[in-house]
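Single-structure report; data block below.
The values are calculated or read from the model by the stated rules, or taken from the named source; none is laboratory data. In this text, all values refer to a predicted model and were calculated from it rather than measured experimentally. Ideal geometry is used to build each Cβ from the backbone, glycine not excepted, and the neighbour counts take in all protein chains shown.
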Amino acid sequence: MITERNSGVPEALKIPTKRVGVGWIAAVVTVHIGINVGFFAPIQVLLGLHAEQLDASQKAAILSLVTGVGAAVSLVANPLFGALSDRSTSKFGRRVPWVLCGTVCGALALLLMSTAQTVSMLVLGWALMQAAGNAALAAIFAAIPDKVPVEQRGLVGGMVALGQTCGSLIGAVIGMFAASNLVFGYAIVATAVAICAIPFVLLRQDVPLPKGALEPLKLMEFVKSFWINPMQHTDFGWAWLSRFLLYLGSQLCLVYLLFFLQDKLRHPEPATGVLILTATYAFCVIFSSVIAGRLSDRDGKRKKYVIISSVIVAGAALTLAFATTFTTAIFAAVFLGVGFGAYLAVDFALLTQVLPFEDSRGKDLGMINIANSLPQVFAPLIAWLSVTWLGGYSTLFMCSAVISLLGAALVLKIKSVP
């Protein structure tokens, strides 16, 4: 079947059949670590401190403005740069140039932010970082279905989840230690973003796309290509919606975590409690993502792992809904990390198997990444309504559980992947 689909197709557009080595996987993971350091060190620490320096009385409004603009840029940048990388005919390949340019420009944007003395300059710097970082992210995601055979994608998906989680943790640590010197903090983050791309770039294993292999670019057709009709590509549509719901469910568990510890559990040091729960969650994500990815590769099944992991996430939310002690919250963090880690690994492998077109993997995965980002817009609103008007934190977490279970149910609608 794969041989027939590869017949007469340029090497860059073929479905890969040769397993990738440890070195290539490590290089891809390293890129993910660097990009996530670049995103999470500012989001978790540096941007808030920078906003406070600019105007302490308006720090919340400034932070919301900066992160809101950045989120809007990321929604457009990821599929756009993914689509552009699909059409790149560089002799170095389709993805390497975008990883290189994205990480270098992202590092420069971070250095620009370190000099920002006004809100507008900080907004501009973060918007540029989001654009550049998402250009690199779209390319490195697309490199996986370009190079990795279907039977190895669970493992690679697990390793990518490991890289993402490690990057966010390292970013938080850098932000914490650099809190007293923002210029130094931004510089360290910029260095990490740039350096982590070097192994992937030096490997030079990206297959070039011959010129003329794709139809000449026409603006209106290019714009229309971003609409993927879910009625024609039903498996892709169900996978997108399922992922959106699961990410929304998990975000609802996290968005008011500090306030939950403070107001409901009466934790004496809620910030420390959040750090403990986050570290517990992250460790379990790393552990479960690699194991679940390997297991799904061995038996060739994807949907059962995605469904089971989604149910575990729902179980974590229900545990929080009825939690009365911090110990119970720790158990919930374990469940959430195990479930979401397994989900990250296996669902990514599933997604690469339902992409509509072999010649637009970057763009199509960019559209999938919108399902990751949109919940960040909706989760705060749903959380606020739940806590303020609909019964409190128990309602919030039960809502998370229902949404996660709905996401699990929709996976059954996918027919082309076992």
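The single condition among (1) modelled with pLDDT of 95 or more; (2) more than 22 Å from GLU151 (Cα to Cα) that HIS267 does not meet is (1).
Okay, residues lined up against (1) in contact with a Lys or Arg (Cβ under 7 Å, 6 or more places away or on another chain); (2) within 17 Å of SER250 (Cβ to Cβ):
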residue	(1), (2)
ALA317	no, yes
LEU320	no, yes
ALA329	no, yes
VAL338	no, yes
PRO356	no, no
GLY362	no, no
ALA371	yes, yes
PHE378	no, yes
ALA383	no, yes
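Does GLY102 satisfy being of a type in the set (Gly, Ala, Ser), under 20 Å from the mean Cα position of the chain (by Cα) and within 28 Å of LEU277 (Cα to Cα)? In short, no. In summary, LYS304 fulfils each of the numbered conditions (1) farther than 21 Å from LEU169 by Cα; (2) modelled with pLDDT under 95 with the single exception of condition (2).
Restricting LEU355, LEU320, LEU410, LEU351 to residues that are buried (at least 24 other Cβ atoms within 10 Å of the Cβ), within 27 Å of SER74 (Cα to Cα) and at pLDDT 90 or above narrows the list to LEU351. Give the residue that is farthest from the chain's Cα centre (by Cα), with candidates limited to residues of the range 199-215 that are of a type in the set (A, V, I, L, M) and more than 14 Å from PHE92 (Cβ to Cβ). Within the range 199-215, the match that is farthest from the chain's Cα centre (by Cα) is ALA213. Only one of the numbered conditions (1) under 30 Å from SER88 (Cα atoms); (2) surrounded by fewer than 24 Cβ atoms within 10 Å (Cβ to Cβ); (3) charged (D, E, K, R) is violated by LYS363, and that is (2). Only one of the numbered conditions (1) in contact (Cβ under 8 Å) with a residue 24 or more places away in the chain; (2) assigned to a helix (DSSP H, G or I); (3) assigned by TED's automatic domain parsing to the domain that holds LYS91 is not met by PHE184, and that is (1). Evaluation of LEU80 against the conditions (1) within 20 Å of ILE198 (Cα to Cα); (2) crowded, with 16+ Cβ neighbours inside 10 Å shows that the sole unmet condition is (1).
Within the option set ALA139, ALA179, being within 26 Å of PRO42 (Cβ to Cβ), touching a residue at least 60 places away in the same chain (Cβ under 8 Å) and either in contact with a strand residue (DSSP E or B) (Cβ under 7 Å, 6 or more places away or on another chain) or not in a helix (DSSP H, G or I) (or both) holds for one residue only, ALA179.
Take the range 252-283 and flag every residue that is within 19 Å of the chain's Cα centre (by Cα) and farther than 16 Å from THR328 by Cβ. LEU252, LEU254, VAL255, THR278, ALA279, ALA282, PHE283 - these are the residues of the range 252-283 that are within 19 Å of the chain's Cα centre (by Cα) and farther than 16 Å from THR328 by Cβ.
Residue count for the range 93-135 satisfying the condition of being within 30 Å of LEU209 (Cβ to Cβ) and either touching an Asp or Glu at 6+ places or on another chain (Cβ under 6 Å) or of a type outside the set (D, E, K, R) (or both): 25. For the range 1-90, the helices (runs of 4 or more DSSP H) that sit wholly inside it and include 3 or more residues that are without any contact (Cβ under 8 Å) to a residue 24 or more places away in the chain are 2-6, 59-86.
Given the options GLY157, GLY125, name the one that is under 20 Å from the mean Cα position of the chain (by Cα), on the phi < 0 side of the Ramachandran plot and crowded, with 23+ Cβ neighbours inside 10 Å. I'd like the intermediate steps shown before the answer.
On the way: GLY125 fails: under 20 Å from the mean Cα position of the chain (by Cα).
Result of the check over GLY157, GLY125: GLY157.
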